[in-house]
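Have a look at the structure below, then the notes.
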Amino acid sequence: MMENQENNRRKFIVSSVQSVGLMTVGGVLLGGYATKAKSSPMVLRPPAAIKEEDFLTACVKCGLCAEACRNRDSNIDRSTGKAKKSTLKIAKAGDERLIGTPYFVPRDIPCYMCPDIPCVPVCPSGALDIKSVLNKKNELDINKAKMGLAVVDRESCVAFWGIQCDACYRACPLLDKAITLEYQKNERTGKHAYLLPIVHSDACTGCGLCEKACVTEKPAIFVLPRDIAQGKVGSHYVKGWDVKDQERVKDAQVFESKTGINKGSALDYLNSKDEF
Ligand code: SF4
Ligand code: SF4
Ligand code: SF4
């Protein structure tokens, strides 16, 4: 009940916090970021972060997101009485990330996918774009976050060896959506099954709870920035079985072959301009 009230209150104050924040950091913004900012392409940013190259210039390095993080280092761990390690860290000199910008390292401390995402509404600069994590009811929805994408290294994932392990699957807050377990017969033993973790890019938020939970020495499942983790098919490929995808190219010009079916091999065609 208290939690709900707190969430509603947060939703209500979202816009006011943002405008106050903008005024507070106005001076910093005016200071400008004339120099072209550089950062490691492998860095993972907080929920709702805009594209990395734009983030580097938009982020005013105020640290408010890290300050607001539910899992921040000023929180005291009740069991140990010590300060907790925080999810969001602010890059320092030598961190190989643009100094002053927020990032997280899932194997160390993942994002716990707080339902009210307290780190996002406080951002005064638009570096964290609140609109990207609003659902159809205009509510904050952490499931819409796309911090990165989990990738499985099949060679080091013990489930692909046939050893029973579902640590990542069980750790995932979007179990059976972001990770499913795929059943396959183990042909080597003939009497066992593989239960293979499969990540689904449409649902994975990149929170890294799976990476943190992975039992291997170096995680066999790990989160990468989406730009790095994903390929790109190109708009000229169309899924003939997908009505939505066909809709995308419905106005495209169709060229008919005047020579009928090409009897040559694909390599003949692809290499037609090459001389050997
Ligand atoms: S969603 Fe929660 S744990 Fe994740 S970065 Fe934001 S406040 Fe921190
Ligand atoms: S992302 Fe936003 S809140 Fe976080 S440090 Fe940058 S400007 Fe401040
Ligand atoms: S990063 Fe891992 S735990 Fe988080 S949503 Fe994606 S698959 Fe699930």
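So here's what we get for this one:
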read-out	value
Test: residue in the stretch 22-42 that is at pLDDT 80 or above, within 16 Å of ligand 1 (Cβ to nearest atom), out of contact with any Cys (no Cβ under 8 Å at 6 or more places or on another chain) and farther than 20 Å from LEU134 by Cα	no
Residue in the stretch 112-119 that is more than 11 Å from ligand 1 (Cβ to nearest atom) and either assigned to a loop (DSSP other than H, G, I, E, B) or surrounded by fewer than 19 Cβ atoms within 10 Å (Cβ to Cβ) (or both) present	no
Qualifying residue in the stretch 137-144 (condition: loosely packed, with under 14 Cβ neighbours inside 10 Å and in contact with a helix residue (DSSP H, G or I) (Cβ under 8 Å, 6 or more places away or on another chain))	yes
Residue ID - farthest from ASP176 (Cα to Cα), chosen from residues in the stretch 203-230 that are aliphatic (A, V, I, L, M) and away from ligand 1 (no atom under 16 Å from the Cβ)	ILE228
Restricting the stretch 167-202 to residues that are hydroxyl-bearing (Ser, Thr, Tyr) and in a loop (DSSP other than H, G, I, E, B), the residue that is farthest from ligand 1 (Cβ to nearest atom)	THR189
Hits in the stretch 98-141 - residues which are among the aliphatic types (A, V, I, L, M) and either closer than 17 Å to LYS212 by Cα or not assigned by TED's automatic domain parsing to the domain that holds ALA49 (or both)	VAL105, ILE109, MET113
Test result for ILE109, more than 16 Å from ligand 3 (Cβ to nearest atom), at pLDDT 95 or above and in contact with a Ser or Thr (Cβ under 8 Å, 6 or more places away or on another chain)	no
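Yes/no matrix, rows are residues, columns are (1) modelled with pLDDT of 95 or more; (2) of a type in the set (Phe, Trp, Tyr); (3) at positive phi:
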site	(1), (2), (3)
ALA203	yes, no, no
CYS210	yes, no, no
VAL223	yes, no, no
GLY234	no, no, yes
TYR237	no, yes, no
LYS244	no, no, no
ASP251	no, no, no
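The values are calculated or read from the model by the stated rules, or taken from the named source; none is laboratory data. Quick caveat, the model's predicted, so the values are computed rather than measured. Backbone-built Cβ (ideal geometry, glycine too); neighbour counts: all protein chains shown.
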